[in-house]
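Reading through the structure tokens given below for one structure.
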């Protein structure tokens, strides 16, 4: 009985230890809707990144050759970006060695209005 109680006590203490917070990358909005005539789709996004340890980071668009911005000694960053996209893009948080820490997709959605239906038949006015 004593061993069971001590084992239960040990397990209960292990459950109390907080787990390490995972790095988080949030981007809003994640999509831009436009018509094919209005390309590129121009919009602003909010990028929020949070980590437990201070790091030197760069904010990248995957298809670009240079980072948008770089930061030193950051645990948290919030940034507003203005984008003009013709196709989907990937936003990445990289360290100074260009190793990707986190990434997320931003979509460009082409809006296609429904085609107008042709009216068929006569205009019946019963009343």
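Rank by packing, highest mean first: peptides 28-34, 112-118, with packing defined as the count of other Cβ atoms within 10 Å averaged across residues.
Details: 28-34: 13.7, 112-118: 6.0.
Ranked from most to least packed, the peptides come out as 28-34, 112-118.
How long is the gain from residue 76 to residue 24 if the chain were fully straight, where each residue apart is worth 0.36 nm and the alpha carbon distance is subtracted? It would help to have the intermediate numbers written out before the result.
Working: separation 52, 0.36 × 52 = 18.72 nm, distance 0.95 nm.
Separation in residues times 0.36 nm, less the Cα-Cα distance, equals 17.8 nm.
Once the range 23-110 is represented by equal point scatterers at the alpha-carbon sites, with solvent omitted, what log10 I(q)/I(0) does the Debye formula produce at q = 0.15, 0.23, 0.25, 0.26 Å⁻¹?
For the range 23-110 at q = 0.15, 0.23, 0.25, 0.26 Å⁻¹, log10 I(q)/I(0) is -0.54, -1.11, -1.27, -1.35.
Any read-out appearing in this document is the output of simple, stated calculations on the displayed coordinates, not a laboratory observation. These numbers were taken from a predicted model, which means no experiment stands behind them. Here the Cβ is made from the backbone with ideal geometry for all residues, glycine too, and neighbour counts use every protein chain on show.
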